[in-house]
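This report refers to the structure that appears directly beneath it.
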Amino acid sequence: MTFSRRQVLAISGGAIAFAGLPAVPAFASLAEDAISEFTGGTAPGAGDLSISAPEIAENGNSVPIEFDAPGAVAVAIFADGNPTPKVGAFTFGPLSGSRFASTRIRLATTQNVIAIAQMEDGSFQRAEANVKVTIGGCGG
Amino acid sequence: MISRRDFLQVGMAASAMLGASGFGNWARLAAQQSLTQDDLFQFETFGNVSLIHVTDIHAQLKPIYFREPSVNIGVGSNKGAVPHLTGGNFRKLYGIADGGPSHYALSSGDFAALAKGYGRVGGLDRIATAINAIRADRPDAILLDGGDTWHGSYTCYHTQGQDMVNVMNALKPDAMTFHWEFTLGSERVNEIVEGLPFAALGQNIFDAEWDEPAELFPPYKFFERGGSKIAVIGQAFPYMPIANPGWMFPEFSFGIRDENMQAMVDEVRAAGADCVVVLSHNGFDVDKKMASVVSGIDVILSGHTHDALPEPVVVGQTIVVASGSNGKFVSRVDLDVRDGRMMGYRHKLIPIFSDVIAPDPEVAAVIEAERAPHEVAMREVIGQTDGTLYRRGNFNGSWDDLICDALLSEREAEIALSPGVRWGPSLIPGQDITREDIWNVTSMTYGEAYRTEMTGETLMAVLEDVADNIFNPDPYYQQGGDMVRTGGLSYRIDINQPQGARISDLTLLRTGEKVDPSKSYSVAGWASVNEGTEGPQIWDVVEAHIRKLGTVSVSENNNVDIVGA
Amino acid sequence: MAKGVKPRVKVPKTAAAGDTVTVKTLISHKMESGQRHGDDGALIPRSIINRFTADFNGQNIIDVALETSISTNPYFEFEAVVPEAGEFQFTWYDDDGSVYEAKKKIAIA
């Protein structure tokens, strides 16, 4: 064979794009702090707010998420396993056709994506979806 | 239900002749002579529609041996349910006689001895004969290919799938769905699909950029058969960019998308479908769950997990059919479709015994033409094996052990990792190992054998990650591969623990010491999903290793201690 | 101005007055998070699109504050009410002060 037997190879970004440690999200408390900042400390309740995301991310660098928040004036998204949990905040204007939106986000690891909706009456709602970020490979 | 009796009569006939407990004389089996093509194809035509299902052929144009798994652990609600029964437990459930052809075709146990008696299985020219026989009964039978067709052999690799496209076209399929095809890269897939003379279906194949259905892959196709409208909806492998290198087909996004599946079922029903068939590459447990979540599907023709079941599994109003892999089986499903619904079905899983079924001469000629330019290279004998070389099973098979040994020795690593894919035919004791045989278990478009350093912690995380892709109790989290194969390592796995708690006692075999999470180890592996992976191709590594060995000795692998199965 | 930044938008060409239509937008942008290290080990400075707005005939549809966890090539899908014929205006604001715009006309069918 023509290759050197001990040749260590360059694999872009390490042998395995290593993003798959599950367990307790490391930055959960940071996310809760960021949520409190958005809600001004008001505890969110449940309601019609829903968030959907894939069970398993095809690519942790681009995970499609969408939310629907009937009656909301604004919706903020948080990722509780990212070092900076704030993802984005959507404020709806007079010509918005619904309180639905979809975007793509980065997830460093398996974690919860949390939507907090600020309602017209000033109350808040919360919904979350767990997304698994896996190392991948080995598909039969 | 008639299907069980239909299938088993083959087994009964042969075992009656042998005696029910006829172990010991396999080498002189007369069964092969007693089994006829007519027996295998015998089917009382039923209803007004026939479906023919082939799946996961993995480019096996010629007859091969294929040993079914002896370890196939079910978790959660699928614990102890088919297809998670193997060997004697499987035979007992279906009333299959030990030593009969159904034993050999469908289950593990006494494989090497039975293989000598019953011979090889598969071959697309034999499959052609089976399809022709069904078409003789029902000329407008719908032939559906579940995918993993353009991958898995020397000729397929060298022709970028063209050999399979040409041979399959000769069989005249009506529709197909996809998985490994995409590892040819999206440019090549687009090129082939644009020229296909049949439908390339996938309701879950989306344009990644705009999150819209990919134009090249319609969600479904209607067929008018026997006075009824049959809708066939395609379901490609959902986890393509995770289980395989997503960078090879970045334009596409997949996923289960069961909400869209429901929308498609509703759409075809509204458009007058009398019967809804899903041609799926989900894997069996995922299909069972999908059948329970999505309403209105009559038949799921299931692929991906390579299971072969002698009768469909019924989930609510849906029948789920599993048709094996590597060209070993053809499923025939006859349907009685009337008054806008499926009133009944008859099913048979036809084992393709290569020595019993006559090859179709036309298709045989197409196969030979595809192989001719490569015959000399493929036929070169690299070594011999003294035991059965196989892969299929949740943990290491003997082919995997050989590949891991090759990685350890040729790449001078402490630890080897080999992907838990389910394809790859078997070899029986005493067989030559040819270059073609090596390619049959290794060929892929990302076969580079890397060598790298990994910490004990990373290794552990890799094992935990892959284990959860198999043993997560929710089928929607199961990607349908088997456990990553390891060389130079032993470990304990508790199936029923959550991710992060399944793997323990990781031990480096070379020293007998526990793997230290903070220490770095040299690891060789192949089939990395990461772009830019470098190294020699795995088939060259394995060939070099076998040449040095001459004869491969197969020994039992006891390096994985399985708990909770 | 960041290089190669190209906005793309999908909206229907026509709608009935008062209809709700789906809008999709993409902009090519690397969205450098400020958390990555370059080959030399130095932190690569943050450079992202930090705000996106969509308006129709001067009235706001949606106003998004983006953080570093939004993916490369930010994508948004949302719904807008079209009260009359007119023009959508989409605006992306870059950390470096650049502003990127796209416009799409819609007719009343």
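Tabulated data
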item	result
Candidates C:ALA15, C:ALA65 - the one that is more than 8 Å from chain A (Cβ to nearest Cβ) and either crowded, with 17+ Cβ neighbours inside 10 Å or not acidic (Asp, Glu) (or both)	C:ALA15
In the range C:80-97, residue farthest from the other protein chains (Cβ to nearest Cβ) [restricted to those that are within 16 Å of the chain's Cα centre (by Cα) and open to solvent by less than 50 Å² (accessible area, probe 1.4 Å)]	C:ASP94
Qualifying residue in the range B:414-437 (condition: of a type in the set (Asp, Glu), open to solvent by 20 Å² or more (accessible area, probe 1.4 Å) and under 20 Å from B:GLY488 (Cα atoms))	yes
Any chance A:ALA74 is over 10 Å from the mean Cα position of the chain (by Cα) and of a type in the set (A, V, I, L, M)	yes
Those residues of the range B:221-263 which are in a strand (DSSP E or B) and either surrounded by fewer than 24 Cβ atoms within 10 Å (Cβ to Cβ) or within 12 Å of chain A (Cβ to nearest Cβ) (or both), in sequence order	B:LYS221, B:PHE222, B:PHE223, B:GLU224, B:ARG225, B:SER228, B:LYS229, B:PHE252, B:SER253
Residue list for the range B:297-335, restricted to those being under 16 Å from B:TYR345 (Cα atoms) and assigned to a loop (DSSP other than H, G, I, E, B)	B:ILE297, B:ASP298, B:LEU309, B:PRO310, B:GLU311, B:PRO312, B:GLY316, B:GLN317
Subset of the range B:275-293 [surrounded by fewer than 24 Cβ atoms within 10 Å (Cβ to Cβ) and in a loop (DSSP other than H, G, I, E, B)]	none
Hits in the range B:261-298 (condition: of a type outside the set (S, T, N, Q), closer than 17 Å to B:HIS53 by Cβ and in contact with a Ser or Thr (Cβ under 7 Å, 6 or more places away or on another chain))	B:CYS275, B:LEU279, B:HIS281, B:GLY283, B:PHE284, B:ASP287, B:ALA291, B:ILE297, B:ASP298
Residue pairs meeting the criteria (Cβ under 6 Å; at least 6 apart or on separate chains; first more than 7 Å from chain A (Cβ to nearest Cβ), in the range B:455-473; second charged (D, E, K, R))	B:GLY456/B:ASP516; B:GLY456/B:LYS519; B:ALA467/B:ARG502
Residues (open to solvent by 20 Å² or more (accessible area, probe 1.4 Å), within 19 Å of C:PHE78 (Cα to Cα) and within 14 Å of chain B (Cβ to nearest Cβ)) located in the range A:94-140	A:PHE100, A:ARG104
Qualifying residue in the range B:396-403 (condition: in a loop (DSSP other than H, G, I, E, B) and under 26 Å from the mean Cα position of the chain (by Cα))	yes
Breaking point among (1) free of Cβ contacts under 8 Å to residues at least 60 places away in the same chain; (2) surrounded by fewer than 18 Cβ atoms within 10 Å (Cβ to Cβ), for A:GLY45	(1)
Residue list for the range C:33-44, filter: of a type outside the set (Ser, Thr, Tyr) and out of contact with any Asp or Glu (no Cβ under 7 Å at 6 or more places or on another chain)	C:GLY34, C:GLN35, C:ARG36, C:HIS37, C:GLY38, C:ASP39, C:ASP40, C:GLY41, C:ALA42, C:LEU43
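The values are calculated or read from the model by the stated rules, or taken from the named source; none is laboratory data. Computed from a predicted model, the values in this text were never measured in an experiment. Neighbour counts are summed over all protein chains in view; Cβ atoms, including those assigned to glycine, are modelled from backbone coordinates with ideal geometry. Note: accessible area is taken over every heavy atom of the protein model, side chains too, but ligands, DNA and RNA are not part of it. Shrake-Rupley method; radii C 1.70, N 1.55, O 1.52, S 1.80 Å.
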